[in-house]
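The structure appears right after this line, and notes come after that.
The values are calculated or read from the model by the stated rules, or taken from the named source; none is laboratory data. What you see is a predicted model, and the numbers here were worked out from it, not measured in a lab. Positions of Cβ are generated from backbone atoms using ideal geometry, with glycine treated the same way; all protein chains shown enter the neighbour counts.
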Amino acid sequence: MDDRQYLERYGPWALIAGASEGTGASFARALAEKGFKLVLVSRREAPLDALAAELKAAYGTECVTASIDLSRDDATERMLGTAHGREIGLLILNAGADPNGAMFLDGAIGSWNALALRNVMTTMHALHAFAAPMQARGRGGLILVGSGACYGGLPGIGVYAASKAFGLVLCESLWAELQPHGVDVLSYVLGRTDTPAHRELLNARGMAIPSDLANADAVARLGLERLAHGPVCNWGEADDEAKVSATSAAQRRDRIRQIAAAAAAYARGELMSAAVPADLADKFAITEQLYRYCRSVDRLDVPLGKSIFHDDATVDYGPSGFRGRGHDAIEWICAAHRQLQSHSHQVSNVIITVDGMEAGSEAYVTATLRAVREE
Ligand SMILES: NC(=O)c1ccc[n+]([C@@H]2O[C@H](COP(=O)([O-])OP(=O)(O)OC[C@H]3O[C@@H](n4cnc5c(N)ncnc54)[C@H](OP(=O)(O)O)[C@@H]3O)[C@@H](O)[C@H]2O)c1
């Protein structure tokens, strides 16, 4: 999609909540370059005004700025007031970091409340308010900036992680609901990124600034690019990769499609049993094990490979292959693949039958192996 098509699909105005610095300001710069007009929101007026002046000078961008605290009950109402009369085709909810960096009981309940209000309640209200006119127009985009913390809890980030999980799941649902109406939704899951807020947190904890922080401009550019390929983009991972994310963006997309199709068919009365979606979930879980198997071999990741077998599981690869425990098979396979120059395994044509607690599956595995030939 070139800049003109992008602007037609998601313009003419974008509202960025949390725009004054870091990834928020980077989104603003990237959109200004594409020709968007911008509503810039955060608490501090001075950096917003400086950004607006910079974008006007560089691109002639029309900007409106508003100082709004997203942790307050009236935040969405105030954003709507600021946007009034302007066609917001793209909403980016960027603000969302945890400035506390504390264990749950060490943090004051008031600070957790502010975090939850901003990341949960304002997120929900703003998505509801700004998505409705997009649905009516049949076009638009919603980006919620998330975090890898959404994939599970850890000490010291409980409320933050839970709020990011809320955002992820809401975005996935909205993606399925709004895509038929021409509105794209992306939960953009970031890793450690070089932003002033993140540097401040590291400094406050006396920690060194790591050299591998993601660049905020690069992060913003990729987010805009992946908006049409939601519902999830995990920074640093390809669409079909699962590293920090545990399940790849592609797997999450497939899962939503399968369950949504089953639920729609069920609602049409085509499926007589409520057990069918559960059946689909079982099939998806089995398919995921097949993917994990291939991934473990390609990455030579023995723990990942072992994780797909129960302790007492056995495998039988025929008389010339391996016969024995699943865990030992993974050691054997990874050792064999270590000798190769490169290897790639793809699963397709998966057929699964589930019968109560029993299941059987059949699949093609296409293996591309490259070895150095000894002359
Ligand atoms: N940086 C990372 O390493 C990292 C890692 C994973 C995910 N993320 C995600 O990336 C997003 C951006 O993170 P960040 O590091 O730049 O920190 P951030 O504090 O979420 O974002 C900074 C921007 O949000 C604004 N903001 C913060 N709280 C606000 C509030 N209550 N009301 C209005 N505006 C508010 C700030 O401006 P004002 O101070 O002027 O209000 C600033 O413009 C977040 O959603 C975060 O969860 C970041």
Out of A114, A102, A97, report the one residue that is touching a residue at least 60 places away in the same chain (Cβ under 8 Å) and of a type in the set (A, V, I, L, M, F, W, C). A97
Test set (1) touching a residue at least 24 places away in the same chain (Cβ under 8 Å); (2) crowded, with 17+ Cβ neighbours inside 10 Å; (3) in contact with a Ser or Thr (Cβ under 8 Å, 6 or more places away or on another chain) - V302 fails condition number: (2)
Test: residue in the stretch 142-150 that is free of Cβ contacts under 8 Å to residues at least 24 places away in the same chain and surrounded by fewer than 18 Cβ atoms within 10 Å (Cβ to Cβ): no
Can you spot a residue in the stretch 219-234 that is surrounded by 14 or more Cβ atoms within 10 Å (Cβ to Cβ), without any contact (Cβ under 8 Å) to a residue 24 or more places away in the chain and within 29 Å of A102 (Cβ to Cβ)? no
Hey, can you tell me all the residues within the stretch 160-178 that are touching a Ser or Thr at 6+ places or on another chain (Cβ under 9 Å) and either among the β-branched types (V, I, T) or in contact (Cβ under 8 Å) with a residue 60 or more places away in the chain (or both)? Y160, S163, K164, G167, L168, V169, C171, E172, W175
Given the stretch 221-335, what helices (runs of 4 or more DSSP H) lie entirely inside it while holding 1 or more residues that are among the aromatic types (F, W, Y) and touching a Gly at 6+ places or on another chain (Cβ under 8 Å)? 275-299
For the stretch 321-328, check the following and say yes or no: at least one residue is under 35 Å from the mean Cα position of the chain (by Cα) and crowded, with 16+ Cβ neighbours inside 10 Å. yes
Condition test on A114, is it modelled with pLDDT under 95 and at negative phi? no
Give the residue that is farthest from the ligand (Cβ to nearest atom), with candidates limited to residues of the stretch 76-113 that are assigned to a helix (DSSP H, G or I) and over 15 Å from A17 (Cβ atoms). L105
List the number of the failed condition for V169; all other conditions in (1) within 13 Å of the ligand (Cβ to nearest atom); (2) under 29 Å from T287 (Cβ atoms); (3) among the β-branched types (V, I, T) hold. (1)
Take the conditions in a strand (DSSP E or B), small (G, A, S) and more than 16 Å from the ligand (Cβ to nearest atom) and apply them to G146. Does it pass? no
Name the pairs whose Cβ atoms lie under 9 Å apart, with the first residue in the stretch 38-65 and at negative phi and free of Cβ contacts under 8 Å to residues at least 24 places away in the same chain, the second assigned to a loop (DSSP other than H, G, I, E, B) and near the ligand (Cβ under 9 Å from one of its atoms), and 6 or more positions between them or separate chains? E45/S20; A46/S20; A50/S20
All but one of (1) under 25 Å from D2 (Cβ atoms); (2) surrounded by fewer than 18 Cβ atoms within 10 Å (Cβ to Cβ); (3) hydrophobic (A, V, I, L, M, F, W, C) hold for I209; which doesn't? (1)
Under 7 Å by Cβ, and 6 or more places apart or on different chains, what pairs join a residue from the stretch 334-345 that is in contact (Cβ under 8 Å) with a residue 40 or more places away in the chain and closer than 11 Å to T368 by Cβ with one that is among the polar types (S, T, N, Q) and surrounded by fewer than 16 Cβ atoms within 10 Å (Cβ to Cβ)? H343/T368; S344/T368
Could you go through the stretch 162-183 and let me know if any residue there is within 22 Å of A30 (Cα to Cα), surrounded by 15 or more Cβ atoms within 10 Å (Cβ to Cβ), touching a strand residue (DSSP E or B) at 6+ places or on another chain (Cβ under 9 Å) and not aromatic (F, W, Y). yes
